[in-house]
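Here is the structure we will look at.
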Amino acid sequence: KKTPNQMLIIFGASGDLTSRKLIPAIYNLFKGGHLSKNFCVLGVSRSNMTDEEFRTKAILESPFLQKENSKEDPQTMQAFAEQFHYQDLGSDYDHSYDLLANRIASLNEQHGTSGNYIFYLSTPPSLYEVIAKNLSEAGLSKEKDGFRRLIVEKPFGYDLESAKTLNDALHHYFDEKQVYRIDHYLGKETVQNLLVTRFSNSIFEPLWNRRYIHHVEITNAETVGVEKRGGYYDKSGALRDMFQSHLLQIVSLLVMEPPISSDAEEIRDEKVKALKSLRIMKSEEEIVKNTLRGQYVKTEIDGKTVKGYREEEGVNPESTTETYAAIKFFVDNWRWKGVPFYVRTGKAMPTKVTEAVIHFKTPHHEVFMSQDAYRKDNKLIIRIQPDEGILIKFGVKVPGLGFHVEQANMEFYYSDLESAQVMDAYERLLLDAMQGDTTLYARADEVEAAWRFVDPILKCWENNPAVNTYGYSVGTWGPRNSDELIEDSFGWRNPGDL
Ligand code: BG6
């Protein structure tokens, strides 16, 4: 597909996300020949910089480009850098938009970008509305002589109410079809592959329902703590930071009905329906029973003391913000009635992994007696990261006398594919926005449906000191009582377990 001529205007251009993710993604798109020749980037932020200084900092001396591309051709780098410009917006994001509009108009002439503009908001969310308003007042939001698109980063809102307010505010200045809400998990190949696994195979979908599935489990674990993001994280917590966005996106893809086609709206309609069918927990009792929050604590590892969450920079020493969250819930619709879903996410855990596990029911009549047959259920393990792939666990006969059953593995790894070159999530998502494809972006109603489910849990946790935040040691799988959430003594499947 051909990418139209266009200009990408990045707000928050001197920030971390821009240098760490956006510029390397644009660089790879450039090298891959995915960008139009008539393309340029205008970085906007509050710092005072010239075009040259911006190019040097963001590109020529960027550790994120130089490291990855140490064997890069300096001429390619230079040619890439020349497409970058910079505009200082003064001390806040509320002034100088006429100046910005003039600069955009002159760069549009210079680079022949056909009046097509994408505004990427990589700023604190509190600035989204004011930027949208100012862009609109400067005549930059209406699509008259080219397209105008607005990409907004997560977090999108702080709770249901603020997400709604933000949607309403953005809709004041931009149409929904112009707004691209980024969730970088949707840019991951393996997350997109959930749709393909389900809807392009006839061996899984007939089993994909309450009749054959016993329960569904999703684990997202990171080894890192909150690092330098304590200030942001302490006001957010795992439920907002990971669960409301990334994990509910995975849930919606696992749960949704087959869309009529791969058209963006058809897929998003089904995702919204899926999210709307999550059973909202109403009472405090229900929330306490079905959720668990935890926080990593100071831990001795190999004679060294590793900081606990409350000792991290920017974190309130008495904080009850969760760095681990586990939720059990049900999906109230025809397909999923009665099937429990268990989803957990945590920082400072033993390994970095994201996977979804579909546990199938054991055969309804036991022919081969095996004491722990129930635990040896068939499993479909979808490994989202790392070692991206799919694993099926099924029973085989142990050679020898009698009929002893053992679980064997059937494995597929992405790295075995011939065309294994996987685009980075930001690369893929940016290219989609440039080509006007919204499939992998969250729609307004989708984000709100996700918040609607999370909101009562957040409120209950926040307003209720009786809901404990359990401590867990760094490098463990969360609070000790986390297995109690899973009935039938199944316990969580820790990656690495058989
Ligand atoms: C971000 C969260 O959205 O996702 C971070 O804000 C988290 O806290 C990150 O570390 C995880 O992303 P990935 O792609 O490394 O799994």
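Of all the residues in the stretch 190-230, those that are farther than 15 Å from Leu254 by Cα, of a type in the set (Lys, Arg) and away from the ligand (no atom under 16 Å from the Cβ) number 1. Could you tell me whether the stretch 141-151 includes any residue that is closer than 30 Å to Asn102 by Cβ, touching a helix residue (DSSP H, G or I) at 6+ places or on another chain (Cβ under 6 Å) and within 16 Å of the ligand (Cβ to nearest atom)? Scanning the stretch 141-151, I find at least one residue that is closer than 30 Å to Asn102 by Cβ, touching a helix residue (DSSP H, G or I) at 6+ places or on another chain (Cβ under 6 Å) and within 16 Å of the ligand (Cβ to nearest atom), so the answer is yes.
For the stretch 152-188, a tally of residues being part of a loop (DSSP other than H, G, I, E, B), of a type in the set (A, V, I, L, M, F, W, C) and more than 16 Å from the ligand (Cβ to nearest atom) returns 1. Between Lys307, Lys298, Lys276, the distinction of being within 16 Å of Val454 (Cα to Cα) and of a type in the set (Lys, Arg) belongs to Lys276 only. Pairs needed: first member in the stretch 411-430, free of Cβ contacts under 8 Å to residues at least 60 places away in the same chain and polar (S, T, N, Q); second member anywhere, outside any loop (DSSP other than H, G, I, E, B) and surrounded by 17 or more Cβ atoms within 10 Å (Cβ to Cβ); C-beta distance under 9 Å; at least 6 residues apart or different chains. What qualifies is Ser415/Gly389. Every condition in (1) of a type in the set (S, T, N, Q); (2) farther than 30 Å from Leu89 by Cα; (3) within 16 Å of the ligand (Cβ to nearest atom) holds for Ser122 except the one numbered (2).
Applying the condition of being within 25 Å of Glu322 (Cβ to Cβ) and more than 12 Å from the ligand (Cβ to nearest atom) to the stretch 240-273 and asking which residue is surrounded by the most Cβ atoms within 10 Å (Cβ to Cβ) yields Leu248. Anything in the stretch 25-60 that is assigned to a helix (DSSP H, G or I), of a type outside the set (A, V, I, L, M, F, W, C) and within 23 Å of Gly436 (Cβ to Cβ)? List them, or say none. Once the filter is applied, which keeps residues that are assigned to a helix (DSSP H, G or I), of a type outside the set (A, V, I, L, M, F, W, C) and within 23 Å of Gly436 (Cβ to Cβ), the stretch 25-60 yields Tyr27, Asn28, Lys31. Would it be correct to say that Asn167 is out of contact with any helix residue (DSSP H, G or I) (no Cβ under 7 Å at 6 or more places or on another chain) and at pLDDT 95 or above? Spelling it out, it is not the case that Asn167 is out of contact with any helix residue (DSSP H, G or I) (no Cβ under 7 Å at 6 or more places or on another chain) and at pLDDT 95 or above. Within the stretch 372-429, the set of residues being in a helix (DSSP H, G or I), more than 16 Å from the ligand (Cβ to nearest atom) and within 23 Å of Thr197 (Cβ to Cβ) comprises Ser415, Asp416.
The set of residues in the stretch 137-170 being within 18 Å of Ala450 (Cβ to Cβ) and touching a strand residue (DSSP E or B) at 6+ places or on another chain (Cβ under 8 Å) consists of Val152, Glu153, Lys154, Phe156, Leu170.
The set of residues from the stretch 189-227 being outside any strand (DSSP E or B) and of a type in the set (S, T, N, Q) comprises Thr190, Gln192, Asn193, Thr197, Ser200, Asn201, Ser202, Asn209, Thr223.
The values are calculated or read from the model by the stated rules, or taken from the named source; none is laboratory data. Since the model is a prediction, treat every value here as computed from it, not as a measurement. Cβ atoms come from the backbone with ideal geometry, glycine included; neighbour counts cover every protein chain shown.
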